[in-house]
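Beneath this line is the structure, given in structure tokens, with notes to follow.
The values are calculated or read from the model by the stated rules, or taken from the named source; none is laboratory data. Keep in mind the model is a prediction, meaning the values are calculated, not measured. All Cβ positions, even for glycine, are placed from backbone atoms using ideal geometry, and neighbour counts span all protein chains on display.
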Amino acid sequence: MLPLGLLAPGERAEVVELMLEKPSCQHCRCPGASPHSLCRLGDLGLRVGKTVEVLNASGAGALLVKVDEARIAMNRGVAMKIKVRRKA
Amino acid sequence: MSLKIALIGQPNCGKSTIFNYFSGYKAMVSNFPGTTVKYTVSQVVFQGEEITCVDLPGVYSLTSTDPAELESRNYLLAGEADVILNVIDASTLGRSLELTLELMSLERPMVLALNMMDEADRKGIRIDAPKLSEMLGVPVVPTVAAAGRGLTELLETAVQAGHVGVRPVQVMFSRDIEEEIAELSDRLDPDQARELGLPWRFLLVKLLEDDPHLLAEVGRRHPGCLPIIRNHQKILAESHGRSPEIVISSERHALTVNIFEAVAKVTPSQKPTWRERLDWIATHKFWGYVLLLLVLTLFFQVVFRLGQTTENFLVGYLDQAQKLGGVWLGKDTLTYYLLVEGLFMGIFGGVAIVFPYLVPFLVGLALLEDSGYLPRVAFLMDNLMHLLGLHGKSIIPFILGYGCSVPAVISTRILESPRDRLVVSLLAVLIPCSARSVIIFALVAYALGPYWALGVYLFNLLVIGILGRISTMLLPEVSPGLLMEIPEYRKPTWHNVLRKSWYSLKDFIVVAWPILIAGSLVLSLLKFYGFDGHVNDALRPLTALLGLPLQVGTTLIFGIMRKELSLIMLNEALGTTNISAVLSHAQLLTFTIFVLFYVPCASTIAALSRELGWKQAGLAVVISLGLALVLGLLTRSFGALVF
Ligand SMILES: Nc1nc2c(ncn2[C@@H]2O[C@H](COP(=O)(O)OP(=O)(O)OP(=O)(O)O)[C@@H](O)[C@H]2O)c(=O)[nH]1
């Protein structure tokens, strides 16, 4: 298992866990480490059990990942909170 | 009472396109998630019946987070809509159905528009619409909004659904959740739902789901109920080992997966499409920036070349006409000042100087917006935004700012934190809007060349960057990470591009142009009676400081009304359209930089005080004025060194 943020472009992996820390977001109280980010993940279709593919990663910056038919741009901080298992 | 149809869907599903088809062009259509932040209402007459259509901001779920989403949720929960028209992007059906399930629980007549069927086809997703309709208990209409396909049928179906009172099926969760709902239902009083105007079951589920707004509402009216609700939340949480909102949202997700698998077949194509290859380049950590630079350069070159050619052509005639007028009417008569310097130059100055740059600029911007390239730019710029301590999402107001500062300020509603909204609004109004771009093109690009204009834009970004850094130090806050959907590339439709450009151009014609003409008349009168001298004298400290000719003073005052006005006025104040003959390169640059940064225009100040309060708007005026002074001085010294 490793964080999604460490995958290289082109790699595919299965989402194992969204590392939900203690509730911190006041608006919707999503259990995200950074406000909203993790509750949004579910909205955008990224959930435990889904297969994700890293399309591009801009150095230390954001990642572009593909989940089902959607492409999601996420900051590396968010990507480091998503545990995944590499797929062949 | 006319039938009220509310369009609701996830961001970028094509709601606005559908709404516009029904209502004429009213809402903004962009290939950028989250451009609708306010709801738009329109009256439509359909088959002899008056119908009210409402376009609501896109939401991912009814658990609202930012103010724009809250607006949609409040509208729906208030029970205003007779028919809920749920627009779905068929190419992301699985995910989109979650919102549908939530909407169904509002127990209102509902219709589902399966939009973007063309894109679903391309991605190899086949959807059995009749079966979906049967499973949900709501009519389903496949559409391709961009091509206008299926939309008449959609409206027909929606109207009918309203008359017949279609009821969606009730969404059933798994047994243990249903048990909790039943128990909570026994403990609470159904009147509570009636008081709030909500369906009973909807309220129960939302309370179990720990919805902060409804919980607060119920807690305010019936404080005694809170412990009971908390208790049931706890039971749910303990039996699943997860928080109650996650239990229920996972449940909803599981239901949608089942529905999706029952109605859709996916056969993805194996080889990468050109879109995927293009995306690889557009978001690449090196090639992405190269492409960005190419696109920007192309954009500037095209806008500038087109603008310059047209301007040269038109200004020649304008000058001749002015001279002719002088000969006919006599150069020092009041009629000459009023008719030629005031009216004529006001009317045709707009046409000859503003239009040539404004039109290609607006069309170009609309093309970029509709192609879907801008979200890729947001992706590339995320690093930069974080360096500034800003949310990745704040790129949207900045990008809109290149069109006009007013929508840019309004779009800060998509930001969750008030601090972000303040900082981003204050910074976004510094982005050169189309009016200021016209000034940059007509003065700097015209006299010094297009690369200098590009330089002005980059300098502007640099200044905003530095200010962003400073504001992060003054108002520290951890900015949440970027998380944004990147939409598909779409071939911009000429229809939409032209409509959108026309829409912005119309704003210039009906709002700015009359002001330009009136301003031009006022200035000609001031000049005739020699009052302009007093204004200029009063502004002498400013103009002297910046090393600009005295006559420029009045133009700066007029520029606060509309930024284009400074440009037109400049011609008039200096008495020529050939400005580079009168002003040195350094002066031109200083003038442009000063006008670029100083006091936002009147409409923007109004928008700022609406969104942030008049104190903050005042702050924006003071800060920008100070900033413009400092930068103007810097440019003056820079000019002295370089030219
Ligand atoms: N291929 C395709 N594109 C479509 C269709 N309908 C709309 N579009 C395009 O999708 C993009 C988004 O459309 P909008 O109408 O702005 O979407 P919206 O749901 O109002 O988006 P927000 O205002 O951001 O919530 C635009 O570029 C449209 O031209 C369709 O049926 N097929």
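Here are the numbers for the structure shown:
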| quantity | calculated |
| --- | --- |
| Failed condition for B:M345, given (1) buried (at least 18 other Cβ atoms within 10 Å of the Cβ); (2) aliphatic (A, V, I, L, M); (3) under 18 Å from B:I431 (Cα atoms); (4) modelled with pLDDT under 80 | (3) |
| Residue among B:S42, B:S91, B:S61, B:S30 that is touching a Lys or Arg at 6+ places or on another chain (Cβ under 9 Å), of a type in the set (S, T, N, Q), within 27 Å of B:L400 (Cα to Cα) and at pLDDT below 80 | B:S30 |
| Which listed residue, of B:L151, B:L184, is touching a helix residue (DSSP H, G or I) at 6+ places or on another chain (Cβ under 7 Å) and farther than 26 Å from B:L207 by Cα | B:L151 |
| Complete set of residues in region B:240-251 that are more than 10 Å from chain A (Cβ to nearest Cβ) and not aliphatic (A, V, I, L, M) | B:H240, B:G241, B:P244, B:E251 |
| Yes/no for B:L278 being hydrophobic (A, V, I, L, M, F, W, C) and either closer than 30 Å to B:K206 by Cα or modelled with pLDDT of 90 or more (or both) | no |
| Failed condition for B:T157, given (1) more than 14 Å from every other protein chain (Cβ to nearest Cβ); (2) out of contact with any strand residue (DSSP E or B) (no Cβ under 6 Å at 6 or more places or on another chain) | (2) |
| Some residue of region B:309-330 being of a type in the set (V, I, T) and crowded, with 16+ Cβ neighbours inside 10 Å | yes |
| Which listed residue is more than 14 Å from chain A (Cβ to nearest Cβ), crowded, with 17+ Cβ neighbours inside 10 Å and within 16 Å of the ligand (Cβ to nearest atom), from B:P487, B:P492 | B:P492 |
| Test: residue in region B:189-197 that is under 27 Å from A:L18 (Cβ atoms) and either among the aliphatic types (A, V, I, L, M) or within 12 Å of chain A (Cβ to nearest Cβ) (or both) | no |
| Subset of region B:260-278 [under 34 Å from the mean Cα position of the chain (by Cα), under 20 Å from A:K50 (Cβ atoms) and in a helix (DSSP H, G or I)] | B:F260, B:E276 |
| Residue match in region B:371-382 (condition: away from chain A (no Cβ under 14 Å) and over 16 Å from B:L467 (Cα atoms)) | yes |
| Cβ-Cβ under 6 Å pairs, at least 6 apart or on other chains, region B:359-373 side among the small types (G, A, S), far side away from the ligand (no atom under 15 Å from the Cβ) | B:G364/B:F299; B:G364/B:V303 |
| Any hit, region B:127-145, residues being without any contact (Cβ under 8 Å) to a residue 12 or more places away in the chain and either assigned by TED's automatic domain parsing to the domain that holds B:K38 or touching a Ser or Thr at 6+ places or on another chain (Cβ under 6 Å) (or both) | yes |
| Residues of region B:99-148 satisfying the condition of being within 28 Å of the chain's Cα centre (by Cα), within 16 Å of the ligand (Cβ to nearest atom) and among the acidic types (D, E) | B:D118, B:E119 |
| Filter result (closer than 18 Å to B:L155 by Cβ and either within 16 Å of the ligand (Cβ to nearest atom) or facing another protein chain (nearest Cβ under 10 Å) (or both)) within region B:54-98 | B:V54, B:D55, B:L56, B:I84, B:L85, B:N86, B:V87, B:I88 |
| Candidate set: region A:32-50, residues that are in contact with a strand residue (DSSP E or B) (Cβ under 6 Å, 6 or more places away or on another chain) and within 7 Å of another protein chain (Cβ to nearest Cβ); chosen: the one modelled with the lowest pLDDT | A:S37 |
